[in-house]
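Data block below; observations after.
The values are calculated or read from the model by the stated rules, or taken from the named source; none is laboratory data. All of these numbers come straight from a predicted model, not from anything done at the bench. FYI the Cβ positions are ideal-geometry reconstructions off the backbone, even for glycines, and counts take in every protein chain you see. Note: areas computed on protein heavy atoms with side chains; ligands, DNA, RNA excluded. Shrake-Rupley method; radii C 1.70, N 1.55, O 1.52, S 1.80 Å.
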Amino acid sequence: MIKTLADLNSGEKGIIVKIEGGRGLVKRLADLGLISEQEVEVVRIAPHGPFAIKVRGTVYALGRGIAKKIYVNVV
Amino acid sequence: MKSKVAISNREVTIALAGNPNAGKSVVFNQITGGNQIIGNWPGKTVERTEGWINYRGKNLRIVDLPGIYSLSTYTEEELIAREFILSGTPDVIMNVIDASLLERSLFFTLQLLELERPLILAVNQLDMAESKGLKTDVNTISKLLGIPAVGIIATKGKGLNRLLTTAIELTEKREEVKPPAYGGEIEQSIKGIIDSIKNLYPEYPSRWLAIKLIEDDREIKKLPFPEEVLEKVEFLKNELEKTHGEPVEVIISSERYALASRIARSSQYYVRTRTSFSQGLDTILLHPVIGYITMGIILFVAFGILFEVGGYLSWVLEGLFSYIKPIVLRLPFSGLFNDLLWNGILSGLISGITIALPYILPFYIFLAFLENSGYLARIAFLADTLMHKVGLHGKGAIPIIMGYGCNVPAVLGTRVLESKRERIIASFLSTLIPCSARTVIILGLVGVFMGPWWALIIYLIDLIVIYTVGYIMNKYYPGETPSLIMEVPDIRVPVLKPTLRQAWFRIKEFLTIALPYMIGGSLVLEIIKMAGWFEPINRVLSPVIVRWLGLPAITGITLIFGVLRKELTLILLSTFSNTTNFSLILNPRQMFIFSLFTTLYVPCLATIAALKKELGNTNAIILTLGEIILSLGLVGILNQILIHFLG
């Protein structure tokens, strides 16, 4: 099932299908390892706030706005 | 560089490159020891650290590049690192990587490899990787990348000798560096371009140039290329995007990650998996409720201690300086000169030092500790939601928190923010934060004579003002708040030396910015005093001070002095009225208004200097005037209201 990263609960995993947004943002995320077919795990969610996600062993904090642009296939 | 000395005696320059938190600065400190200088990259606000060491008869110069994730050009740091490597200055690039984050680290390594410069890999934090249950085979990494790799544990100094020896060997061998090969279609596109650009820019490796052209690199695109080359690039890019259905720069990044992932998988495997110490700690530190409580307690306790320590140290220092005073005043010059020298120049200098050493240095050490332990990133994570309301993302909380120690580092600390808009908002908000000097006034006046609850009310009013100002600025300042993208590194115990060094560098920066202004300011004030202008100034200010703010006329001149150093307002008030019992000269309303006004009325001179340095003259003036107008309006109105209640 395809959802955005922002729809996942903490502890859930998904595989990135698509990232929307300007080229700059997409490239920046790609540099951090957020690219299609990559597995992402939501580690923690701050109330109304950013998502802590785990990609390739690293935890990143992503603003909710960005999490809404990342589409994943829920695992 | 191009000296005629035999190569073996020439200085060898090693550039340290790597991701943030990979342990680069620890490696740097371990190698260079004390022999180093910290400064800024020419014309940039990015820190540059350089060190020297004579290692087995070789003179080594080590340059620590900024910690970055990629060699694209999205940040100033990335551009600086890339330009320095391509300039040909470093004889060898030493890439420090975190073994526990192998895949992401190698993504960066591959980009370094593309630059075709001598490269050595320092596979760091093998102990951390092991504690996560990861076994790393350094030799396989070396073989697959085609470059030397040395396993190290920088914090314990392990493997560093071998690292240096291997690096020096590398400069002597002068072998060709083979760039990484990517997938079929991309390789074809690269080859298609290489031939037509081969001799255009000899300073760049042509394969790298071809990749950058395909990647649409901002800097490389600025260079002139023949029309047919650009057309070809455009055609190949379109082809790639059509087959992959993604922007071409992402396709290349994916290629790099695919290769990095292959290398990581063949050279590292899990012996066992277990929850790391840091992950366990995060269930508390990042908890939606307990996390905030923990943050509040940590900051409150830390600031309490820092404030107490600062008070004590500054008392000791002032005691020391009071011994110098009679000596200076007895100097065989005229009395006028001695007064200017002591009250003007020296007291400005002493002011600077008695703020910098007791208050700001411990504060900087605490901050560096927070930063290097990884907790600062967690504060940014927790604060993100709230900070968005005032036009900042989570990292904006960092300068705001720093402001409670001193506004100068807070303003300098706005560098962590990406856009000018954010930096202006964050700077303005942090100049409204009651720093330790203003805390002295609030606690010493309102706290002592009216009670702690009244002091707390001042802090609350201040927070409401900051929130409102931020909210309004966010609404009317054109532009958008960027979203947070930030690594949350594992919690770890910071290594002491780099932490202290970082604090020391920052305190030096504070002194170079603030001291000239403090000395100049105190000289001007001494002249005003000698000219006997106190009375006239009080008279000129009295409509505002007496009528509007309802304060005694005598406070006028103290507020002028307070621009130099905020707590001078209170010190001078007691000097002028010959008492430390302020209840004799101020009624409760006046105490409250006086404290609130000194908190808000203007950034101190040193802060204005910092604003000027970070945001330019115009912005510094606008923000300063804005603050004066805001405080006069706000505190004046509050005074008119309070008159009815407190009399």
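Eigen-decomposition of the gyration tensor built on the alpha-carbon atoms of chain B gives equivalent ellipsoid semi-axes of 53, 27, 25 angstrom, largest listed first. Taken as entire DSSP H runs, the helices of chain B that both span 24 Å or more between Cα atoms along their own long axis and average -1.0 or more on the Kyte-Doolittle scale are B:227-244, B:248-267, B:290-329, B:452-476, B:496-530, B:617-646.
Principal axis analysis of the Cα atoms in the range B:256-380 yields extents of 80, 38, 22 Å, listed in decreasing size. Rounded, prolate or oblate: which fits the range B:62-190, taking a ≥ b ≥ c as square roots of the Cα gyration tensor eigenvalues, rounded meaning a/c under 1.5, else prolate when a/b beats b/c? Rounded shape, in that the Cα axes give a/c under 1.5.
Whole-percent P(r), the range B:316-447, all Cα pairs, 5 Å bins from 0: 2, 10, 15, 16, 14, 12, 10, 7, 6, 4, 3, 1, 0.
Residues of the range B:474-501 that bury at least 10 Å² of accessible area when the other protein chains are present, relative to the chain alone (probe 1.4 Å, heavy atoms, ligands and nucleic acids excluded): B:483, B:484, B:485, B:486, B:487, B:488. Neighbouring Cβ atoms from other chains, within 10 Å of the Cβ of residues in A:40-52, number 6 on average. In the full protein context, the protein assembly as shown carries 43 Å² of accessible surface per residue, based on a 1.4 Å probe and ignoring ligands, DNA and RNA. Sequence-distant contacts, meaning Cα pairs under 8 Å at least 6 residues apart, place the relative contact order of the range B:396-448 at 39 percent.
Peptide packing: for B:109-119, B:589-599, B:616-626, the average count of neighbouring Cβ atoms within 10 Å per residue gives the ranking B:589-599, B:109-119, B:616-626, highest mean first. Taking the helices alone, chain A has a mean residue ellipticity at 222 nm of -4000 deg cm²/dmol, built from -39,500 (n - 2.57) per DSSP H run of at least 4 residues and averaged over all its residues. Residue ranking by accessible heavy-atom surface, 1.4 Å probe, largest first, among B:234, B:172, B:187 comes out as B:172, B:234, B:187. Remark: mean inter-chain Cβ contacts per residue of B:381-393 equal 4, using a 10 Å Cβ-Cβ cutoff to other protein chain atoms.
For residue A:28, the solvent-accessible surface computed with a 1.4 Å probe is close to 80 Å², ligands and nucleic acids excluded. When peptides B:362-372, A:11-21 are sorted by average Cβ neighbour count within 10 Å, with the highest value leading, the order is B:362-372, A:11-21. When both bridge partners sit in chain B, DSSP labels roughly 45% of those beta bridges antiparallel.
With 19 Å as the limit on Cα-Cα distance, the pairs of B:158/B:178; B:143/B:173; B:178/B:221 that go past it are B:158/B:178; B:178/B:221.
Considering only protein heavy atoms and a 1.4 Å probe, what is the carbon-and-sulfur percentage of the accessible area of the protein assembly as shown?
Its accessible area is 62 percent carbon and sulfur atoms.
Cross-link pairs exceeding 32 Å in C-alpha to C-alpha distance, out of B:191/B:222; B:44/B:132; A:27/B:58; A:27/B:24, comprise B:44/B:132; A:27/B:58. Counting Cβ atoms of other protein chains within 10 Å of each Cβ in A:19-31 and taking the mean gives 6.
Take the accessible area of A alone and of B alone, subtract that of the pair with a 1.4 Å probe, and the total buried over both chains is about 3000 Å². Need one word for the range B:133-205: rounded, prolate or oblate. Basis is the Cα gyration tensor (sqrt eigenvalues a ≥ b ≥ c); a/c below 1.5 gives rounded, then a/b vs b/c decides. Judged from the Cα gyration tensor, the range B:133-205 comes out oblate (a/c at least 1.5, b/c at or above a/b). The alpha-carbon of residue B:242 sits under 20 angstrom from the alpha-carbons of these aspartates and glutamates, leaving out residues fewer than 8 places away in its chain: A:20, A:37, B:185, B:187, B:215, B:216, B:217, B:231, B:234, B:255. By the helix-only formula, in which each DSSP H run with n ≥ 4 contributes -39500 (n - 2.57) and the sum is divided by residues, chain B has a 222 nm mean residue ellipticity of -19500 deg cm²/dmol. A 1.4 Å probe, protein heavy atoms only, puts the accessible area of residue B:548 near 90 Å².
Taking a Cβ cut-off of under 11 Å around residue B:498, the surrounding Lys, Arg, Asp and Glu residues balance to a net charge of +1, with basic ones at +1 and acidic ones at -1. Sorted largest first, the principal axis extents computed over the alpha-carbon atoms of the protein assembly as shown equal 85, 67, 55 Å. Under 14 Å of direct C-alpha separation, and excluding same-chain neighbours fewer than eight residues apart, residue B:156 reaches these aspartates and glutamates: B:127.
Principal axis extents of the C-alpha atoms in chain A (largest first, rounded to whole Å): 28, 23, 22. Put a plus charge on the Cβ of each Lys and Arg, a minus charge on the Cβ of each Asp and Glu, and nothing anywhere else: the dipole of chain B about its Cα centre is then about 1380 debye. Taking 27 Å as the straight-line reach from the Cα of residue B:475, the lysines in range (excluding those fewer than 8 positions away in the same chain) are A:68, A:69, B:389, B:395, B:420, B:612, B:613. Dividing the mean sequence gap of close Cα pairs (under 8 Å, 6+ apart) by how many residues chain B holds gives a relative contact order of 10 percent.
Computed over the range B:494-544, the P(r) tail beyond 19 angstrom holds 57 percent of alpha carbon pairs. Sequence-distant contacts, meaning Cα pairs under 8 Å at least 6 residues apart, place the relative contact order of chain A at 46 percent. Ordered by 1.4 Å accessible area with all protein chains kept, B:309, B:92 run largest first as B:309, B:92.
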